[in-house]
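Inspection log for the structure reproduced underneath, given as structure tokens.
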Amino acid sequence: MNFQFSPEDENFRQEVRQFFQESVSPEVAHFGYVGAHPPPRDVLRQWQKTLHARGWGAPHWPQEFGGTDWSPIRKHIFLEEMLNANGLDYGWQGTHMMAPVVIAFGNEWQQQTFLPPLLSGEVFWCQGFSEPNAGSDLASLKTRAELDENGTHYVVNGQKIWTSDATIADWGFFLVRTDSTVKPQRGISFLLIDMKSPGITVRPIISIDGGHGLTEVFLENVRVPKEQLVGEPGMGWTYAKYLLEKERTSSAFIYFNKRELEKAKVIARAELIDGVPLLETPVFARKVAEIEADILALEWSVLRILAKEELRDNLDAVVSTLKVRGSELQQRVTELQVDAMGPRALRFFSHDARQKDVSEEQGDLWPAHTLGRTNMYFFQRASTIYGGAREVQKNIIAKLAFGL
Amino acid sequence: MDFNLSEEQLMLRDGVERYIRDDYGFEQRRHQATTGEGFNRDHWQTFAELGWLALTLPEDVGGLDCSFVEASVVLESFGRGMVLEPFISSVVLCSRIVDRSGSEYHRQDLLPALIEGRLLLALADSESGSRFTVGSIEQTLARRTADGYQLDGLKTLVFDAPSADKLLVTARLDDHSHPAVFVVDRTAPGVEVIEYALVDGTRAADVRFSQVNLPAAALLIDPSRSQPILEEASDRAALAVVAQSLGVMHGVMDMTAEYIKTRSQFGQPIGKFQALQHRMAEMFVEAQHTRSILYRGMAYLDKPAEERARAISAAKAATGKAGRFVCAQGVQLHGGIGMTEEYPVGHYFRFMTLLEKRFGDTDFHLARFAKGY
């Protein structure tokens with residue numbers, strides 16, 4: 001066993017940290033801090049260009065596609081430092097979901113067409129998986145794609161929901177049913193669709209945090225060249241599962257959890273009770289300590305997976321524990337911020353109001369650290385729902401860890 | 001980073017697990033806990049022969065000079081087996097204090113004997129009202145005499161004292177605010193040991209010292225150096241308890257999963273009910289993250305004192321909560337049988353009650369952790 005980061009990795013951390021210190025603009029930091037869903041498109045584009053210029057536009061891709069050959073631990077350090085610096089961890093749908101599938105299963109034309117503009121920040125992607133009647137039970141999705149009479153285009157009909165950022169996305173990757181005669185999982189394909197195609201309607205869903213990030217996407221006779229189907233027809237379910245295996249630890253949201261904990265401490269140092277910083281009162285300090293201990297445990301659970309510990313328990317069951325604990329911590333840590341703010345937590349900042357720092361205009365009354373915290377707390381109710389609801393994760397654990 | 005055990009460590013793990021499974025049955029343990037010293041000297045001798053008492057001690061006293069990882073491997077299995085023998089007191093806690101005491105005389109006098117299984121030690125530190133404070137000397141006083149010291153005072157909850165050959169006793173000396181640590185024969189004139197059983201079946205005692213005369217050589221650590229040594233050893237012992245708790249959690253989970261697959265109600269095994277499945281899943285989540293925070297604790301064992309203390313506190317606090325949850329659910333999912341003295345799961349619950357309190361409970365460690373804010 002060796003529980004320490006290597007000196008080389010520590011040096012790497014310094015290099016990455018310095019890069020983010022120098023390259024996160026105040027504008028990026030604002031949206032990184034506030035967490036508005038989604039940030040403005042031009043801010044996102046500029047940020048991706050900054051990363052790309054340094055060669056870090058998509059570090060987790062293979063080098064031949066413009067990625068790096070970093071170890072899992074280095075990718076971990078990179079993301080941790082990026083979030084600590086309030087860099088924008090956005091656009092995962094493209095870089096972390098569409099791209100790995102295209103790299104692993106797409107053809108050369110697809111790789112050359114879709115990957116470079118993603119890397120350079122020109123094109124943004126959204127993900128069309130969930131449907132009104134296919135949430136946790138994703139395999140029951142109904143959106144159909146049928147080849148037209150010439151055999152050159154798929155014609156897509158159906159509806160997707162909870163599609164993040166479809167309002168700003170240029171392209172989307174969709175799970176669609178291309179064969180309804182086989183087992184539900186077998187008839188699903190992975191299709192890339194231009195969001196400007198005739199027949200697509202995007203309707204924003206305003207979520208309880210006031211954000212506009214979630215959408216509904218309606219597809220009505222949308223014609224998609226068949227070259228845009230990735231890999232083999234009917235293999236979409238397999239590719240989606242491949243993605244989950246690629247990103248085993250991301251469901252822990254460990255970087256988010258660590259960063260939001262530090263924000264909670266900043267708030268609790270600034271808020272006073274009878275002249276004493278809240279963080280120095282035993283009751284509140286205990287609340288913080290309890291959450292921090294759980295976050296530290298989660299962090300090391302992530303490291304254990306990244307370092308490929310030979311587990312005695314079922315790996316997928318262990319991975320599900322990351323999701324269960326991580327998502328609960330996302331809620332607990334943002335709740336901690338709200339509790340630290342006390343009555344100040346009650347002011348509702350609209351999506352538009354969160355686009356800029358109000359502290360300069362409003363002075364001490366509404367310090368910068370208050371902006372967006374309550375919205376984020378509201379938004380995190382989704383964390384135990386998306387990506388496989390907590391209850392589904394528990395079903396998985398019971399089955400795989402105990403054979404129940 | 002590498003979280004895999006080496007070949008040797010895997011062999012050690014297999015060996016300990018086999019021993020606990022084959023030679024440390026629940027019925028024998030249950031009988032042993034209520035008989036004689038509350039543990040079995042034959043087991044202790046075997047531990048010595050297998051080298052388990054020597055793991056973390058240096059070679060010059062006959063030790064194997066292993067890392068804490070080896071100790072944690074043994075302790076996890078000992079937790080699962082609810083081992084009664086005084087491994088934590090003698091091997092994790094007291095041997096560490098002696099080893100770092102700076103007293104070559106005591107190191108050579110005590111540690112080889114301890115490693116060979118011929119000597120048991122116990123730390124007599126806590127006093128009435130001291131709760132979890134390390135280095136308690138409000139009620140124990142050492143006076144200098146012509147040829148040594150005279151000791152008076154009262155210690156309480158001295159774990160494993162009734163069977164110990166020697167006690168490491170903390171006492172006030174020369175109005176120093178930190179303790180002096182003395183090595184005292186348990187059977188020395190003036191030492192009174194008032195024995196009682198603890199909730200897990202092991203034994204502890206209140207120990208009264210009345211004009212106990214000690215030679216000058218009995219001083220193990222003088223007050224100017226004692227506190228960091230005691231705290232470091234206690235932190236290691238607290239982490240040892242985390243490893244034991246992890247073994248407890250896995251013992252409870254395995255037993256409970258097995259039980260709910262066979263116990264039938266409403267026409268089917270109760271393990272088919274999702275409410276119970278989710279409870280098992282929640283227990284599994286707790287155990288996974290307990291292992292992670294244990295590893296993190298080990299990573300900080302050799303860091304500066306304050307960092308080490310915070311990491312140990314995070315581990316102990318998280319484990320106290322997790323262990324209680326798992327054991328409580330273990331009893332609950334068993335139903336009535338879980339309440340009985342003849343069934344192991346309730347013993348796990350009792351053992352975990354002890355583990356949660358030893359070397360600082362969850363509240364203590366959360367408060368110590370939060371001091372860093």
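The values are calculated or read from the model by the stated rules, or taken from the named source; none is laboratory data. Predicted model, so just to flag it, every value in this text is computed and none were measured. Neighbour counts run over all protein chains shown; Cβ positions are idealised from the backbone, glycine included.
Please specify each residue of region B:295-312 satisfying the condition of being in a helix (DSSP H, G or I) and either within 15 Å of A:Glu299 (Cα to Cα) or within 8 Å of chain A (Cβ to nearest Cβ) (or both).
Scanning region B:295-312 gives B:Tyr295, B:Arg296, B:Gly297, B:Met298, B:Ala299, B:Ala311.
If we keep just the residues of region A:350-404 that are more than 14 Å from every other protein chain (Cβ to nearest Cβ) and basic (Lys, Arg), which is surrounded by the most Cβ atoms within 10 Å (Cβ to Cβ)? Spell out how you get there, then give the answer.
In the first step, residues of region A:350-404 are kept if they are more than 14 Å from every other protein chain (Cβ to nearest Cβ); the result is A:350-383, A:385-387.
After this cut, where a residue has to be basic (Lys, Arg) as well, the list is A:354, A:356, A:373, A:381.
Details: A:Arg354: 23, A:Lys356: 13, A:Arg373: 25, A:Arg381: 14.
Of everything passing the filter in region A:350-404, A:Arg373 is surrounded by the most Cβ atoms within 10 Å (Cβ to Cβ).
Out of (1) acidic (Asp, Glu); (2) under 21 Å from B:Leu114 (Cα atoms); (3) in contact (Cβ under 8 Å) with a residue 24 or more places away in the chain; (4) not assigned by TED's automatic domain parsing to the domain that holds B:Ala315, the odd one out for B:Glu232 is which?
Just one mismatch for B:Glu232, condition (4).
Would you call B:Gly360 within 25 Å of the chain's Cα centre (by Cα), assigned by TED's automatic domain parsing to the domain that holds B:Ala238, touching a residue at least 40 places away in the same chain (Cβ under 8 Å) and in a helix (DSSP H, G or I)?
It is false that B:Gly360 is within 25 Å of the chain's Cα centre (by Cα), assigned by TED's automatic domain parsing to the domain that holds B:Ala238, touching a residue at least 40 places away in the same chain (Cβ under 8 Å) and in a helix (DSSP H, G or I).
Take the residues in region A:179-202 that are surrounded by 24 or more Cβ atoms within 10 Å (Cβ to Cβ) and free of Cβ contacts under 8 Å to residues at least 60 places away in the same chain; name whichever of them is nearest to A:Lys142 (Cα to Cα).
A:Ile188
For region B:363-373, how many residues meet the condition of being crowded, with 19+ Cβ neighbours inside 10 Å and under 19 Å from the mean Cα position of the chain (by Cα)? Spell out the reasoning first.
Quick first cut of region B:363-373, residues crowded, with 19+ Cβ neighbours inside 10 Å only: B:364-366, B:368-370.
If we keep only those that are under 19 Å from the mean Cα position of the chain (by Cα) too, we end up with B:364-365.
So the answer is 2.
Per-residue answers, yes or no, for (1) of a type in the set (Asp, Glu); (2) surrounded by fewer than 20 Cβ atoms within 10 Å (Cβ to Cβ); (3) farther than 19 Å from A:Ala382 by Cβ; (4) at pLDDT 95 or above:
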| position | (1), (2), (3), (4) |
| --- | --- |
| A:Ser140 | no, yes, yes, no |
| A:His153 | no, yes, yes, yes |
| A:Arg177 | no, no, yes, yes |
| A:Gly211 | no, no, no, no |
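Given A:Asp137, A:Asp148, which one is out of contact with any strand residue (DSSP E or B) (no Cβ under 6 Å at 6 or more places or on another chain) and either acidic (Asp, Glu) or closer than 20 Å to A:Val202 by Cβ (or both)?
Matching residue, one of A:Asp137, A:Asp148: A:Asp137.
When you check B:Gly15 against the structure, is it under 23 Å from B:Leu114 (Cβ atoms), touching a residue at least 24 places away in the same chain (Cβ under 8 Å) and either among the basic types (Lys, Arg) or surrounded by fewer than 20 Cβ atoms within 10 Å (Cβ to Cβ) (or both), yes or no?
Details: under 23 Å from B:Leu114 (Cβ atoms): yes; touching a residue at least 24 places away in the same chain (Cβ under 8 Å): yes; either among the basic types (Lys, Arg) or surrounded by fewer than 20 Cβ atoms within 10 Å (Cβ to Cβ) (or both): yes.
Against the criterion (under 23 Å from B:Leu114 (Cβ atoms), touching a residue at least 24 places away in the same chain (Cβ under 8 Å) and either among the basic types (Lys, Arg) or surrounded by fewer than 20 Cβ atoms within 10 Å (Cβ to Cβ) (or both)), B:Gly15 qualifies.
Could you list all residues from region B:241-289 that are surrounded by fewer than 20 Cβ atoms within 10 Å (Cβ to Cβ), touching a Pro at 6+ places or on another chain (Cβ under 7 Å) and within 11 Å of chain A (Cβ to nearest Cβ)?
Correct list: B:Lys261 only.
Evaluate the following for A:Asp294: is it at the interface with chain B (Cβ under 9 Å from one of its Cβ atoms) and within 29 Å of B:Thr362 (Cβ to Cβ)?
For A:Asp294, the condition - at the interface with chain B (Cβ under 9 Å from one of its Cβ atoms) and within 29 Å of B:Thr362 (Cβ to Cβ) - is met.
Could you say whether any residue in region B:325-348 is assigned to a helix (DSSP H, G or I) and among the charged types (D, E, K, R)? Spell out how you get there, then give the answer.
Residues of region B:325-348 that are assigned to a helix (DSSP H, G or I), as a first pass: B:325-339, B:344-348.
From the residues that got through so far, the ones that are among the charged types (D, E, K, R) too are none.
Checked region B:325-348: no residue is assigned to a helix (DSSP H, G or I) and among the charged types (D, E, K, R).
Between residues in region A:347-365 that are at negative phi and of a type in the set (Lys, Arg) and residues that are surrounded by fewer than 11 Cβ atoms within 10 Å (Cβ to Cβ) and at pLDDT 80 or above, which pairs lie under 6 Å by C-beta distance while being six or more apart or on different chains?
none
Here's a check for you: in region A:269-283, which residue that is assigned to a strand (DSSP E or B) and either closer than 13 Å to B:Lys371 by Cα or of a type in the set (A, V, I, L, M, F, W, C) (or both) is nearest to the other protein chains (Cβ to nearest Cβ)?
Here the residue is A:Val276.
Being basic (Lys, Arg), at the interface with chain B (Cβ under 7 Å from one of its Cβ atoms) and either farther than 28 Å from A:Asp209 by Cα or surrounded by fewer than 23 Cβ atoms within 10 Å (Cβ to Cβ) (or both) is true for just one of A:Arg286, A:Arg325, A:Arg312, A:Arg344. Which residue is that?
Within the list A:Arg286, A:Arg325, A:Arg312, A:Arg344, the selection yields A:Arg286.
Among the numbered criteria (1) of a type in the set (Lys, Arg); (2) crowded, with 16+ Cβ neighbours inside 10 Å; (3) touching a residue at least 60 places away in the same chain (Cβ under 8 Å), which single criterion is violated by A:Arg223?
(2)
I need the full set of residues from region B:1-44 which are outside any helix (DSSP H, G or I), over 18 Å from B:Tyr348 (Cβ atoms) and more than 12 Å from every other protein chain (Cβ to nearest Cβ), in order please.
B:Thr35, B:Gly36, B:Glu37, B:Asn40
Of all residues in region A:6-24 being surrounded by 15 or more Cβ atoms within 10 Å (Cβ to Cβ) and more than 14 Å from chain B (Cβ to nearest Cβ), which is nearest to A:Ala345 (Cα to Cα)?
A:Val24
As an exercise: evaluate A:Trp171 against (1) under 18 Å from A:Glu131 (Cβ atoms); (2) surrounded by 15 or more Cβ atoms within 10 Å (Cβ to Cβ); (3) in contact with an Asp or Glu (Cβ under 9 Å, 6 or more places away or on another chain) and give the number of the one condition it does not meet.
Unmet condition: (1).
Take the residues of region B:314-366 that are in contact with a Phe, Trp or Tyr (Cβ under 6 Å, 6 or more places away or on another chain) and over 21 Å from B:Gly25 (Cα atoms): which is farthest from the other protein chains (Cβ to nearest Cβ)?
B:Gly360
Given (1) crowded, with 16+ Cβ neighbours inside 10 Å; (2) within 11 Å of chain B (Cβ to nearest Cβ), identify the lone condition not met by A:Pro233.
The failed condition is (2).
Just to check your reading of the model, which residue among A:Phe3, A:Phe114 is touching a residue at least 40 places away in the same chain (Cβ under 8 Å) and either buried (at least 21 other Cβ atoms within 10 Å of the Cβ) or not basic (Lys, Arg) (or both)? Don't jump to the end; show me each part of the working.
Values: A:Phe3 fails: touching a residue at least 40 places away in the same chain (Cβ under 8 Å).
Just a single option satisfies the conditions, and that option is A:Phe114.
Only one residue in B:Ser292, B:Ser226, B:Ser234 is buried (at least 22 other Cβ atoms within 10 Å of the Cβ) and within 14 Å of chain A (Cβ to nearest Cβ), so which one is that?
Testing whether each residue is buried (at least 22 other Cβ atoms within 10 Å of the Cβ) and within 14 Å of chain A (Cβ to nearest Cβ) leaves just B:Ser292.
Taking the condition of being more than 18 Å from B:Arg358 (Cβ to Cβ), assigned to a strand (DSSP E or B) and not hydrophobic (A, V, I, L, M, F, W, C), how many residues in region B:167-194 meet it?
Adding up the residues that qualify gives 3.
Scanning for something at pLDDT below 95 and either assigned to a loop (DSSP other than H, G, I, E, B) or in the same structural domain as A:Thr201 (by TED's automatic domain parsing) (or both), does region A:101-121 turn up at least one residue?
yes
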